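Everything below concerns the one structure shown next.
The values are calculated or read from the model by the stated rules, or taken from the named source; none is laboratory data. These numbers come from a predicted model, not from an experiment. For neighbour counting, all protein chains shown are included, and Cβ atoms are generated from backbone atoms with ideal geometry for every residue, glycine included.
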Amino acid sequence: MQEQRGSVKTAGKSWNLTHPLAVVLLAGLCNLLWGSAIPMINTGYRLFGIQSGQTATQILFAGCRFFLAGLFTIVFVSIGRCRVVLPKRGSWGNVARLAFVQTVTQYVFFYIGVANTQSVKGAIIQGLNAFMSMLIACWVFKTERMDARKWLGGVLGVLGVVLVNWDGSGLGGGMRLIGEGFLMISMLASAVSAGLIKQYGQKDDPVALSGCQFMLGGLVMIVCGLVAGGRLAQVSVAAVGVLVYLAMLSAVAYTLWAVLLRVNPVSRVAVFMFLQPVFGVLLSILLVDGTQNVPLARYGVALVSVCLSIAIINRSPEKAHA
């Protein structure tokens, strides 16, 4: 029987991942997991004794996370399908490109940026990911068209970033290149990788692509971190537990996201990314920052602005494409 458009076969069953309920549940789960990344990374830094200036160790930590994430993805899906799941023979160039953009570039800047940014701030800046993804889709991959509503959403998103970085004396004291700036570069790499996943996933298994690019990118980061002198010297059961959680987070979230992007329009999936800063801020306040010194009113306004930005951009009416 011919497989229906938008369905994915697993263990002999066909799952319709274009159904609204499936998109809501799976995209919501992805953003809940991503929202927990920043507070858990900061927790991992604390447990491993990694300081903000230890760039090589931060890269090593990130490399361990993503190598494990790729290993978990390939092993678990291979067990589920009762066969070894790998990309096609001619797809390893795509794997290498994805590894460079999605894992190495995105997360080298991400981990250094997180170490130099307050947790709540970083979570809200992540909310601009959807806006960047839309711009890349329009101007680079040309799968979307910019319109007035998208530009309005972009202005609101920029306003949110300005608000979250305003410290009363201007933006200079509230924003640093190595902190918030690196997070913005990371978000740009993430947006480019979304377009690549959509493109490459049409011809290859998105689960195999995600798993192998994580392993390759993680291995590159491990080698770079070790060569630069990075070491995970302060190891404990709790620290390893956080590392495993972060690896599982990436394995589950990015695999589900890649599958959703393969069978749905980018805008339909990306609209749920407005949940990510909501989850991220709440978890950051509860797990890391606390409420004592956090300007909740200003962060609240910034968060609303970013969420409105993402909602407006992704709910713009799209013309049908052949």
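Here is how the numbers come out for the structure above:
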| quantity | calculated |
| --- | --- |
| Residue within the stretch 199-218 that is without any contact (Cβ under 8 Å) to a residue 60 or more places away in the chain and among the polar types (S, T, N, Q) present | yes |
| Unmet requirement for Tyr254, which otherwise passes all of (1) assigned to a helix (DSSP H, G or I); (2) at pLDDT 90 or above | (2) |
| Count of residues meeting criterion [under 16 Å from Ala258 (Cβ atoms), modelled with pLDDT of 95 or more and of a type in the set (A, V, I, L, M)] in the stretch 178-237 | 2 |
| From the options Gly174, Gly127, residue that is in contact with an Asp or Glu (Cβ under 8 Å, 6 or more places away or on another chain) and at pLDDT below 70 | Gly174 |
| Test: residue in the stretch 220-231 that is buried (at least 21 other Cβ atoms within 10 Å of the Cβ), under 24 Å from Ala130 (Cα atoms) and in contact with a helix residue (DSSP H, G or I) (Cβ under 6 Å, 6 or more places away or on another chain) | no |
| Given (1) closer than 16 Å to Phe100 by Cβ; (2) touching a Lys or Arg at 6+ places or on another chain (Cβ under 7 Å), index of the condition Cys224 fails | (2) |
| Helices (runs of 4 or more DSSP H) wholly inside the stretch 54-129 containing at least 1 residues that are under 14 Å from Glu180 (Cβ atoms) | 106-115, 119-125 |
| Test: Lys88 is at pLDDT below 75 and of a type outside the set (S, T, N, Q) | no |
| Criterion: surrounded by 17 or more Cβ atoms within 10 Å (Cβ to Cβ) and within 17 Å of the chain's Cα centre (by Cα) - qualifying residue of Gly28, Gly44, Gly35 | Gly35 |
| Positions within the stretch 255-269 being farther than 11 Å from Leu196 by Cα and small (Gly, Ala, Ser), in sequence order | Ser267 |
